[in-house]
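The values are calculated or read from the model by the stated rules, or taken from the named source; none is laboratory data. Note that the structure is predicted; figures quoted are calculated from it, not measured. Positions of Cβ are generated from backbone atoms using ideal geometry, with glycine treated the same way; all protein chains shown enter the neighbour counts.
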Amino acid sequence: MTKTNMDFSELMAKHEQGDLLCSISEAVLQMIMEADVDGLIGAGRHEHSGERTTWRNGYRDRSLDTRSGTLNLHVPRLR
């Protein structure tokens, strides 16, 4: 199953020099995309399941422009 929580100190350590709001937005959007993909596939990351409908196929990098700045996201790819 995908990790659904992140420690605040871990988030701050990853993005000490960047904007906090952008860092939080990136982390939340990343978790939402991972949860959506888990639901589509029928299995979590590195999880084996008989009900699996498709497979993960890496990520592609995308930027999303928002009012608070540009977010760099890793969008999951499916086969």
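Of all residues in region 3-20 being over 16 Å from the mean Cα position of the chain (by Cα) and in a loop (DSSP other than H, G, I, E, B), which is modelled with the highest pLDDT? Among those residues, the one meeting the criterion is Asp19.
Scanning region 21-73 for residues being in a loop (DSSP other than H, G, I, E, B) and surrounded by fewer than 10 Cβ atoms within 10 Å (Cβ to Cβ) gives a total of 5.
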